[in-house]
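The values are calculated or read from the model by the stated rules, or taken from the named source; none is laboratory data. For clarity, every value in this text was computed on a predicted model and none was experimentally measured. When we count neighbours, we look across all protein chains shown, and the Cβ atoms used for this are built from the backbone with ideal geometry, even at glycine.
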Amino acid sequence: MEIKWLGHACFLITDSNDTKILIDPFDKSVGYETFEGDADLITISHHHHDHDYVEGVKGNPVVIDDVGTFNKCGIEFEGIQSYHDKNKGADRGNNIIFVFNVDGYKICHLGDLGYELSNDEIRNIGNVDVLLIPVGGKYTIDFAEAARVALSINSHYVIPMHYKTDALNIPLAGVEDFTKAMSNSEYIKSNSIKIQGKLKGYNQVKILDYK
């Protein structure tokens, strides 16, 4: 399985059958290059312009933007209700956490999570192999909250997202404070990472390069 970061909260996951899962695609106002390739499945955590731009995607993909348990395109996954803010959605609305089972690995994308998850919510998510977590603050949890959430979920790999880079037009904090809050961080000189074999260790932070 390959996980490719396209910038912001957008990832393209490709499984061993070449099934392509596109998560939270953004429009051109965000600053990164928009995705205009093929996808089989698109999940949308919430309907803001930086998370739900599907117009350029090719391949007639299935689009899921709801909570529930799904089996689409040979991928089993779950959408879990959460919130974009600390006031149960009163400020910025709802948010969907998506948890995918891909090639025997469990991938959790937290979307624009705006508060620290409760113990019950973390138990509902369950064991996670790869956690995709927002760390830039302002519209989501900040670096300190993200570190506490990541450590509570206790995945093997942690991939930060939704933070400031030189391409992003949205005023967020960078990834540096999050890496300082976590004890094991590695900068990957690529926008993608391959997940294979038995994953060892926990809370290993992998910072991908969108370029």
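Some notes on this structure:
- Looking only at segment 1-20, and only at residues there that are under 19 Å from residue 160 (Cβ atoms) and β-branched (Val, Ile, Thr), the one that is surrounded by the fewest Cβ atoms within 10 Å (Cβ to Cβ): 3
- Subset of segment 113-127 (residues that are touching a residue at least 12 places away in the same chain (Cβ under 8 Å) and either at positive phi or in a loop (DSSP other than H, G, I, E, B) (or both)): 113, 114, 115, 116, 117, 126, 127
- Residue 101 vs. criteria in a strand (DSSP E or B), within 24 Å of residue 127 (Cα to Cα), touching a residue at least 40 places away in the same chain (Cβ under 8 Å) and not β-branched (Val, Ile, Thr): no
- Failed item, numbered, when residue 55 is tested on (1) in a loop (DSSP other than H, G, I, E, B); (2) under 19 Å from residue 13 (Cβ atoms): (2)
- Summed over segment 21-38, the residues that are over 20 Å from residue 68 (Cβ atoms) and surrounded by 14 or more Cβ atoms within 10 Å (Cβ to Cβ) give a count of 9.
- The lone criterion from (1) crowded, with 22+ Cβ neighbours inside 10 Å; (2) at pLDDT 95 or above left unmet by residue 50 is number (2).
- Any chance residue 96 is within 14 Å of the chain's Cα centre (by Cα), buried (at least 18 other Cβ atoms within 10 Å of the Cβ) and either modelled with pLDDT under 95 or of a type outside the set (S, T, N, Q) (or both): yes
- From 183, 190, 155, residue being under 16 Å from the mean Cα position of the chain (by Cα), in a loop (DSSP other than H, G, I, E, B) and without any contact (Cβ under 8 Å) to a residue 60 or more places away in the chain: 155
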